[in-house]
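Here is the structure we will look at, set down as structure tokens.
Taken together, the values in this text are just the output of simple stated rules run on the coordinates, not laboratory data. Worth saying up front: this structure is predicted, and the values here are computed from it rather than measured. Reconstructed Cβ throughout: ideal geometry from the backbone, glycine too, with neighbour counts over all protein chains shown.
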Amino acid sequence: MCVNFFALYCSCCVVEINQEFELEHLQNRVCDILTCVCCLWLLGCGNSSLAVDLYNDGYENIVNMDYSPVVISNMQKRHKAVCNIEWVVMDAMDMSAFPPSSFDVVLEKGTLDALLVAEKDPWKLSSEAEAMVDIILRQVIKLISC
Ligand SMILES: C[S@@+](CC[C@H](N)C(=O)[O-])C[C@H]1O[C@@H](n2cnc3c(N)ncnc32)[C@H](O)[C@@H]1O
């Protein structure tokens, strides 16, 4: 199963792109939204170059989270020279460490894919998977400032 699911949530805006992509694809689809970004939350950042690519393109105040301490530690070391990018170990199922309205944009790429990998059909989720996505998206909504 591979959903190749990308979603960007910004002030109730959701964009999904069913393809592999990096920053060049993102810019074409959502640059109007991202130009006003004050604070960006990358949910399940992994070892993607997206945060640093965004930073190099002028976006600052980026917080990356992933539940893997190994991933976060490696990314911290790899990008220690880059200011204004934070790396946080956190589970998407509990993002309560950040207060409501902490971010302008929550961006995830491939994280829901990973979370739904055991599903037989990504368009007909099991009730457990639906509940999990519901928990995550409700927190995402809280994290976004409106
Ligand atoms: C397929 S990778 C995508 C990584 C990156 N976003 C990219 O585009 O390359 C999925 C990432 O989600 C992270 N992840 C999976 N479940 C998570 C959870 N419950 N909370 C936070 N991160 C999670 C994994 O550790 C992994 O780094």
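Taking the Cα-to-Cβ direction at Val70 and at Glu128 and moving 7 Å from each Cα, how far apart do the two end points lie in nm?
2.4 nm
What's the exposure ranking of Lys77, Lys109, going from fewest to most Cβ atoms within 10 Å? Working shown, then result.
Working: Lys77 9, Lys109 23.
Sorted ascending by nearby Cβ count, the order is Lys77, Lys109.
If r is the Cβ-Cβ distance from Asp57 to Ala97 and R0 is 30 Å, what FRET efficiency results, to the nearest 0.05?
Calculated value: 0.60.
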